[in-house]
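Chemist: Below you'll find the structure I mean.
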Amino acid sequence: MSTVLSVRGLSVRFGGLMALDGVDFGVEEGTITSLIGPNGAGKTTLFNAVSGFVPASGAIELSGRDLTCLAPHARSRAGVVRTFQNLEIFANMSCLENVMTGAGRLSGYGVLAALFKTPRFWREERAAVARAEEALAFVGLAEHAATPAGDLAFGNQRLLELARALAARPTLLLLDETAAGLNMRETKALGGLITRIRDELGISVALVEHDMDLVMGISDHITVLTFGQVLARGRPREIQQNPEVIRAYLGEDE
Amino acid sequence: MRCATMIAFTLCLLAAGTARAEEPIKIGAIFSVTGPASFLGEPEKNTALMLVDKLNAAGGLLGKKVQLVLYDDETDVNKCVLAADKLLKKDKVVAVIGPTVSGNTLAIMNKFSQAQIPLVSCAAAEKIVTPVNPWVFKTPQSDRQAVERILAHAKAKGYKKIAIITVSDGYGQAGRAVLQELLPAQGFTLVADEVYGPKDTDMTAQLTKIKGLAPDAIICWGTNPGPAVIAKNRVQLGLSTPLYQSHGVASKKFIELAGESAEGLMLPAGRLIVADQISDGSPEKKLLKGYIADYEAAYKIPISSFGGYAYDALMLVAEAVTKGKSAKPEDIRDNLEKITGYMGVTGTFNFSPTDHNGLDTSSFEMLVIDKGDWKILP
Amino acid sequence: MNLAALLQYLVSGLTVGATYGLTALGFTIIFNTTGLINFAQGEFVMLGGMFAVSFAHLGLPVGLAVVLAALATTVVGAVMERLTIRPVAGAPAINLVIITIGVSILIRGLAMLAWGKDTFALPAFSGEVPLLFLGAAMQPQSLWVLALTLSLLAGLRFFFSHTMYGKGMLACSFDRRAAYLVGISVERMVLLSFMIAALVGATGGAILAPLTMTAYDVGILLGLKGFAACILGGLGNPFGAAAGGLILGVLESLGAGYLSSAYKNAFTFIILLLFLFVRPTGLFGRSSGERV
Amino acid sequence: MAAFRRDLFSVLVFALVLLAAPLALTNDYYVSVLILCCLNAMVAVGLNLLLGYAGQISLGHAAFYGLAAYASGILSATCGLPIWLAALVAVTFVGLVAWLLGIPTFKLSGHYLAMATLGFGLIVSIVMNEAVELTGGPSGMVGIPRFALPGLSFAADLSYYRLLVIVLAAIVGISLNLIHSRIGRALRAVHGSERAAEAMGIDIGRTKRFVFVLSALFAAVAGVLYAHYLEFVAPSSFGFLYSVELIVMVVLGGLASVWGAVAGAFFLTVLPEFLRAFEDIEVLLFGAILVAGMMFLPSGLAGGARRLLGLLQPKRGRT
C-alpha cells in the first residue's frame, strides 16, 4: 500500500495565531482517513492548506509529487479535489452542468476547438457528459440532471457537490464536513456512499467530520487535531480508547 | 346633373391646387436643447420657433407656410447624426439650421454635401468653414475674431506677458488653439497655458500657478459656470491682473453668478446684450430691440445672447429663399452665397464662395463689466 | 519651491476634497445598510443645492433655506426608497444599482423641468472676503464646508457605534437575516439609511452651492468623485470616505499646480488605480463587497 | 449537438431577419438606427460574457470601444494605412491593452473592480480630450474614411448595415459556441463560486482575463466599425455615461443571455426614437422605463421572454 497524500511539518499562521503548527498527516491509497478534533483545531485549515487556498509552510506531496508551489487550480488538476463545508455549488447552472465542470478537469480542448467545433471538442464533450451522468447516477441524482442547482433541496446539494468532485476522477478526495446539516437517514446514506467511493471507484478519501458515528463507522485511519497540533492517530478502535482524545473531547465538547 | 358633376370636379381641382400651394417649406433644425450645451440650444430653439411663427403670421415665404422640423441632439454626436439622417431622408427638408455645437456640426457636414442640402450651423469652430464646404455655412463669429479683438485691446494697453486658462471642451479647445497661434504671432509671450474641466468648481490651483508667473493679463476661454468660478477665485487670491473673458459668457447669467467678482472684467461680445447703448436711430438698434421685445414677450424670460445664432441662421435661409424666389435646396445654397450686407443679430453678413461665415471683427464690441452691467469700451 | 503656493494648493485641494468627501459620506450610509451603491446620491447633493437656491429666492434667510432644502431632499430619499427599493427587496445587487441609475436619470429630468438648465449661485453664509493665512487665501465658505464635513463625520461615527439605530443599520449590512432574527426591522433601517443619506447629501449640496454653484446636472460628476473617494478610503468606513475625498481633492490640486491642469484628473485616477492594485480594499477597507 | 444545431439555426434566422428588415421599413433613416443598434449589440454581447456569465463588472468598456475607434481612425486618416490594416491593428492594440490591464485589475472584485475599470475609462477619456494633436481634442476628429475592404465598398448605408449584420451574427455565434463549452461552464463557475471553480481545476485569473480580453475585442470591433461608419469620432461618445448605458443594456436585456444582450441593446437604442415625440419629458420617461423594467422584469427582457414561453408551453427542459 502506498501513500497518496503526505503532509509533513505543515504550519499555517493567521496574523499572530498559529492555526497549524508542524502537522504531519497522511492518506494511504484506497483508504478513508478522517480528521477529527474540537472546533478551531485546524481541520478545515489543513484542507485549505492542502488544496492551496491558504499559504502554508511545510511539505505537501501527492503520490510523491510536490504540490507546495502549485496554485489551487493546479493542485486540483494534479488530482486533489475537494468539497466545501459551506456549500459552494454553482447555483446558476443546471446539475449536469455543475458536474460537467468537475469533469472538465479531464478535457483539454482550447478556445479554437470550442469555436470551430472540432472532432476533439465533440469527443471530449461527449465524454464529459457521460462522466457527469455517471457521477450523478452514482450519488442518486440522475433524474435531476436538468434541474437548476439552486432549486435542489439542501441534502441533494451536498450530493451534487460530491458528484461534481467525483466527476473529476480525483486521486484524492477531500470531504469537508459533508454530513453537516444532514439528517440521520441522509448521513447514513452518505456513509455508504463514501465507502462505495473507496471500494468501487478506488478513490482515496480524506474526511473532516464532526459526526462521530459516521467517522467511526467508515474510517480506516483517524488523525486527531487539537490547537493546530496532532494529538493522536490510529485506527478507529484505538482512537476511541485513547485517554488523551477522550479528555480533549470531554474538555471541549461533551 | 352633368353640369353639377363638372362643377364638383372643378372644385376638386381647385381644392387640390390650393392644397398644393399650401404644402409648406420644410426647414430642419438640430439644437442641443438638453445636455451640456443646453444653455445655447434652448434659446436657439425658442428663437427659431418664435421666428417661424412670425414668418408664417406675415404670410410665410413665397406664399407658402414655413414648417420647422426640430430635433434635440442632447449634445450627443450619435443623436445628432441620427437627427441629421432623419431630416435628410425622412423629413426631406430643403435646408437645415444648427447644430448647436462644433463637434456635432463637424460630424454631420459631409452628409449635407452628399445629400446636397444646405446647412447653416450655429456653431463657432473655424473648421466648419475652412476649407469651405460648398453646402455648409455658419452664423457665429469665429473665435479668431474674438481673440483679435481682445489682443488689439491688450496691445493698446501695453500688455506683453499673457496667461490663458481654457475649458477642456470643444469651445475651450477652439479658443485655446487660436490663442496659441495668435499670441506669439502678434508679439505676446504666452507664459501659462492652463486648462480646467467643464464641471470643475475650483480653479485656485491653476490661478495660483498663473499668479506665480506674474503675467500682465489673463485670458479665460469658457462658458458658464467655469469663468464665473475663475472670476471669484481671482478675487479670492487677491489677483489684480486684468482678466479677459470670451464671448462665451456674454450673458447676464455670468454677472449674476460671478457677483461682485465680475467687476472690471473685459470681454468681446456681439451688440445684442448692449442694444440699449447703441446710438439711437441706427437700424441695428431697431432689429436688436425688436428681437429682444419679441423674445421676452413670447417666453416671459430674459433673452439670452446665444439665441441670436439661430435667429441669423433662420433669417439668412429665409432671405435666400425670398431673394432667389425658390425653395429648392440648390437654389437656397447658391443664393446664400450671394448674400451681402445683410444685417443680422450677430453682425453684418457678407457671404461669398470663399467665405461662408461672412462676419468680421466689427461684429464684436469690447465690453467691460461695470456696476453689474455691460459697458462698451471705447 | 514656493511655500505659499504649496500651501494654497493644499487649501484649494482640501476645499474641493471636502465636496467629494461630503458626497462620499452619503454613499457610505446606504452601503453600510444595504451593501448597495446608490447612483442617485449625486442627485441628492444637487437637490440640496437647488432647493436651497429656490428657498433663498423666496426671500427666506439662507440658514432656513438650507434646513428646508435638506428636509425636502430627505423626503425625496424616503419616497425613492419606498417606491423603487422596498418593492424589490432581495433583488440582485446589480438590478438595484440599475434602478438607482434610473432614479438618478428621473430626478435629473425632473430637476431640469423644474429649474431649467441654468446654473445658480447661492449667497455665501459669511461673506466672500477671503481669509488669509501664510499667504494662502480661502473663502469663508470653505471653512463652513470643512467644519460641516468634520461634524457630519463625527456625528456618523457616533451614530453607527453608539446608537441603537446606527448599530442596527450596521447589523443589516453584515447579515440581513441575522439582523431580522434579532428583532431589527430591516425595512425601517433601509428607509432610514436612504433618508439620512439624502439629508447628508442635501446639506452638503446646500453648503457647497455658494462655492461651486449648482445646476440640474452637477450630480453626475459629484457622484463619480464621491464614489472614487469611498473606494479610496475603503467602502463602508465614513472616516475613510471623508479622508478619501480630501486626498482626491489634494491630489487634483497638486496635479494641476505642479504637473498639468489638463491631466490633473488622469493623474488622480492613475494614483487611485495604482493604490488599488497594491491595496485592493482601499485605505481603511474591510474585506471587499462581493455583491456585484 | 442539439444545442449547437439550435444555436446555428437561431443565428441564421436572426441574421436573415435583420437583413430583411430594411425591406419592411418605409424609410432609409431607419437603417441608421439599425446600424447603431448592431454596433451597441456587439459591445453588449461581449460585456454580457464578462458581466452576465463570469460575473465581473466593467465600467470601462466605452474606453475599449473608443480606443479602437480612435486607433483605427488615426491609423487610416492620419497615417494613411489601408483601412483593413488599420482596423486589424486597432483591434489587436485594444486586445493587448485589455490583457495588460487585466493582469492587475482582476486582483480586485466587486465595487473595487468597478472603480478600477471606471478609472481606466476616465483616464482614456481624458487622454482623448487632451491629446489634441493626435485625437483632435473635444471637438473630435474628422476625415476618417468609410470602411472598405479590398474590392468591396460599403459606401451606401444599406450595404454597411449588411456588413454589420454579418459581423454581429458572427459575434453572437462565437459567444454561443463558447458558452456551450468547457469555457462557458468555466465562466459561469467563476461567477457561481470562485473557490469551487478553483477546486475544480479552473484557473480563475486566466479565465477572467480571457473573457475580459474577448469582450474588449468585441467592443473594439464595434468601435472600429463605428468610426468608419460615422467617419468622425469625438470623446463624448466614449465617456463614462456610455459605459453605464452598456451595463444597462446587458442587465435590462437579461444577464447571462446572449440574445438578451442583443435585445437590450436594440431596445435601449430604439427607445429614444420612440420617446422623441414627448420632447421635454423624454428623459423622464427613459428613467421611468428603466426603473419599471428592472422592477417588473428582474431577469431582463430575456427572463421575461422565457417566462412567456414557459406560460405558453408549460413543460420545457433547459432554457
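Chemist: Pull out all pairs, ordered by first then second residue, where Cβ-Cβ is under 6 Å, the residues are six or more apart or on different chains, the first lies in the stretch C:194-223 and is within 13 Å of chain B (Cβ to nearest Cβ) and among the aromatic types (F, W, Y), and the second is open to solvent by less than 10 Å² (accessible area, probe 1.4 Å) and not in a loop (DSSP other than H, G, I, E, B).
Modeler: C:Y216/C:A111
Chemist: Can I ask one more? Since D:L297 meets every condition but one in (1) within 11 Å of another protein chain (Cβ to nearest Cβ); (2) over 28 Å from B:G35 (Cα atoms); (3) in contact with a Leu (Cβ under 6 Å, 6 or more places away or on another chain), which condition does it not meet?
Modeler: All conditions are met except number (3).
Chemist: So is C:G42 farther than 14 Å from C:P238 by Cβ and part of a helix (DSSP H, G or I) or not?
Modeler: The answer is yes for C:G42.
Chemist: Only one residue in A:L175, A:L166, A:L162 is touching a strand residue (DSSP E or B) at 6+ places or on another chain (Cβ under 8 Å) and within 22 Å of A:S11 (Cα to Cα). Which one?
Modeler: Result: A:L175 is the single residue among A:L175, A:L166, A:L162 that is touching a strand residue (DSSP E or B) at 6+ places or on another chain (Cβ under 8 Å) and within 22 Å of A:S11 (Cα to Cα).
Chemist: While we're on this one: Restricted to the stretch B:198-221, and to residues that are open to solvent by less than 10 Å² (accessible area, probe 1.4 Å) and within 12 Å of chain C (Cβ to nearest Cβ), which residue is nearest to the chain's Cα centre (by Cα)?
Modeler: Per the stated criteria, the residue is B:M203.
Chemist: Taking strands (runs of 3 or more DSSP E) that do not extend beyond the stretch B:106-185, which have at least 1 residues that are surrounded by fewer than 24 Cβ atoms within 10 Å (Cβ to Cβ)?
Modeler: In the stretch B:106-185, B:136-138, B:161-167 are the strands (runs of 3 or more DSSP E) which contain 1 or more residues that are surrounded by fewer than 24 Cβ atoms within 10 Å (Cβ to Cβ).
Chemist: On to the next question. Looking at the stretch D:105-119, can you tell me whether even one residue there is away from chain C (no Cβ under 14 Å) and open to solvent by 10 Å² or more (accessible area, probe 1.4 Å)?
Modeler: no
Chemist: So which strands (runs of 3 or more DSSP E) are wholly in the stretch A:160-241 and hold at least 1 residues that are open to solvent by 20 Å² or more (accessible area, probe 1.4 Å)?
Modeler: Here the list reads A:221-226, A:229-234.
Chemist: Among (1) at pLDDT 95 or above; (2) at the interface with chain A (Cβ under 7 Å from one of its Cβ atoms), there is one condition D:A199 misses while meeting the rest; what is its number?
Modeler: Single failed check for D:A199: (1).
Chemist: Is it true that some residue in the stretch A:56-77 is of a type outside the set (A, V, I, L, M, F, W, C), at pLDDT 90 or above, open to solvent by less than 40 Å² (accessible area, probe 1.4 Å) and part of a loop (DSSP other than H, G, I, E, B)?
Modeler: No, there is no match, as no residue in the stretch A:56-77 is of a type outside the set (A, V, I, L, M, F, W, C), at pLDDT 90 or above, open to solvent by less than 40 Å² (accessible area, probe 1.4 Å) and part of a loop (DSSP other than H, G, I, E, B).
Chemist: Which is more than 25 Å from B:P302 (Cα to Cα) and within 14 Å of chain C (Cβ to nearest Cβ), of B:D76, B:D85?
Modeler: B:D76
Chemist: Moving to a separate point now. Report the residue count in the stretch C:230-249 for those that are more than 10 Å from every other protein chain (Cβ to nearest Cβ) and either open to solvent by 20 Å² or more (accessible area, probe 1.4 Å) or within 18 Å of C:V11 (Cα to Cα) (or both).
Modeler: The qualifying residues number 9.
Chemist: Among the numbered conditions (1) touching a strand residue (DSSP E or B) at 6+ places or on another chain (Cβ under 8 Å); (2) at pLDDT 95 or above; (3) open to solvent by 10 Å² or more (accessible area, probe 1.4 Å), tell me where D:E279 comes up short.
Modeler: (2)
Matching residues to (1) in contact with a Leu (Cβ under 9 Å, 6 or more places away or on another chain); (2) modelled with pLDDT of 95 or more; (3) more than 14 Å from chain B (Cβ to nearest Cβ):
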site: C:N2; (1), (2), (3): no, no, no
site: C:A5; (1), (2), (3): no, no, no
site: C:G13; (1), (2), (3): yes, no, no
site: C:I29; (1), (2), (3): yes, no, yes
site: C:N32; (1), (2), (3): yes, no, yes
site: C:I37; (1), (2), (3): yes, no, yes
site: C:G63; (1), (2), (3): no, no, yes
site: C:T73; (1), (2), (3): yes, yes, yes
site: C:G90; (1), (2), (3): no, no, yes
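Chemist: On to the next question. Here are A:L141, A:L87, A:L70, A:L152: which of them is within 15 Å of the chain's Cα centre (by Cα) and among the aliphatic types (A, V, I, L, M)?
Modeler: Numbers: A:L141 fails: within 15 Å of the chain's Cα centre (by Cα); A:L70 fails: within 15 Å of the chain's Cα centre (by Cα); A:L152 fails: within 15 Å of the chain's Cα centre (by Cα).
After applying the criteria, what remains is A:L87.
Chemist: If I ask for residues that are within 18 Å of B:S142 (Cα to Cα), touching a strand residue (DSSP E or B) at 6+ places or on another chain (Cβ under 6 Å) and among the aliphatic types (A, V, I, L, M), which ones from the stretch B:332-366 would you list?
Modeler: Selection gives B:M366 alone.
Chemist: Is at least one residue of the stretch D:14-32 on the phi > 0 side of the Ramachandran plot, away from chain B (no Cβ under 14 Å) and small (G, A, S)?
Modeler: No, that holds for no residue.
Chemist: How do the pairs read when you match residues in the stretch D:141-161 that are over 15 Å from D:A87 (Cα atoms) with residues anywhere that are open to solvent by 30 Å² or more (accessible area, probe 1.4 Å), using Cβ under 6 Å and keeping only pairs 6 or more apart or on different chains?
Modeler: As it stands, the answer is D:G143/D:A77; D:A155/D:R146, since those pairs meet every condition given.
Chemist: In addition: Would you pick out the residues in the stretch D:27-42 that are closer than 13 Å to D:Y229 by Cβ and either open to solvent by 10 Å² or more (accessible area, probe 1.4 Å) or among the aliphatic types (A, V, I, L, M) (or both)?
Modeler: The answer is D:V31, D:V33, D:L34, D:I35, D:L36, D:L39, D:N40, D:M42.
Chemist: So B:T346 passes all but one of these: (1) open to solvent by 30 Å² or more (accessible area, probe 1.4 Å); (2) closer than 30 Å to B:W135 by Cβ; (3) outside any helix (DSSP H, G or I). Which condition number does it fail?
Modeler: So B:T346 meets the others, but not (1).
Chemist: Select from the stretch C:254-286 the residues that are in a loop (DSSP other than H, G, I, E, B) and polar (S, T, N, Q) and write down the one among them that is nearest to the other protein chains (Cβ to nearest Cβ).
Modeler: Initially, the stretch C:254-286 is screened for residues in a loop (DSSP other than H, G, I, E, B), giving C:260-263, C:279-286.
Cutting the leftovers down to polar (S, T, N, Q) gives us C:260-261, C:281.
Details: C:S260: 8, C:S261: 5, C:T281: 6 Å.
Ranking the qualifying residues of the stretch C:254-286, first place goes to C:S261.
Chemist: Mind listing just one residue for me: the one in the stretch D:253-271 that is assigned to a helix (DSSP H, G or I) and open to solvent by 10 Å² or more (accessible area, probe 1.4 Å) and, of those, farthest from the other protein chains (Cβ to nearest Cβ)?
Modeler: Taking the candidates together, the pick is D:W259.
Chemist: Counting only residues that are open to solvent by 10 Å² or more (accessible area, probe 1.4 Å) and either assigned to a helix (DSSP H, G or I) or under 21 Å from D:Y242 (Cα atoms) (or both), how many does the stretch B:83-97 have?
Modeler: 5
Chemist: Right, here's the next one. Which one of the conditions (1) within 13 Å of chain C (Cβ to nearest Cβ); (2) open to solvent by less than 20 Å² (accessible area, probe 1.4 Å); (3) touching a Leu at 6+ places or on another chain (Cβ under 7 Å) does D:L225 fail to meet, given that it meets all the rest?
Modeler: All conditions are met except number (1).
Chemist: Now, a different point. Enumerate the helices (runs of 4 or more DSSP H) found wholly within the stretch B:243-333, keeping only those where 2 or more residues are in the same structural domain as B:Q114 (by TED's automatic domain parsing) and open to solvent by 20 Å² or more (accessible area, probe 1.4 Å).
Modeler: Fully inside the stretch B:243-333 and qualifying: B:283-299, B:308-324.
Chemist: Still on this model: Assuming B:A156 fulfils every condition listed in (1) more than 18 Å from B:L377 (Cβ to Cβ); (2) among the hydrophobic types (A, V, I, L, M, F, W, C); (3) outside the structural domain of B:M343 (by TED's automatic domain parsing) apart from one, which condition is it?
Modeler: (1)
Chemist: Need the failing condition index for B:T100 against (1) more than 21 Å from B:P140 (Cβ to Cβ); (2) among the polar types (S, T, N, Q); (3) open to solvent by less than 30 Å² (accessible area, probe 1.4 Å), just the number.
Modeler: (1)
Chemist: Further question on the same structure: Criterion first (of a type outside the set (A, V, I, L, M, F, W, C) and within 14 Å of chain D (Cβ to nearest Cβ)) does C:P130 satisfy it?
Modeler: no
The values are calculated or read from the model by the stated rules, or taken from the named source; none is laboratory data. These numbers come from a predicted model, not from an experiment. Note: ideal-geometry Cβ built from the backbone for every residue, glycine included; neighbour counts use all protein chains shown. Surface areas here come from the heavy atoms of the whole protein model, side chains and all, with no ligands, DNA or RNA. Shrake-Rupley method; radii C 1.70, N 1.55, O 1.52, S 1.80 Å.
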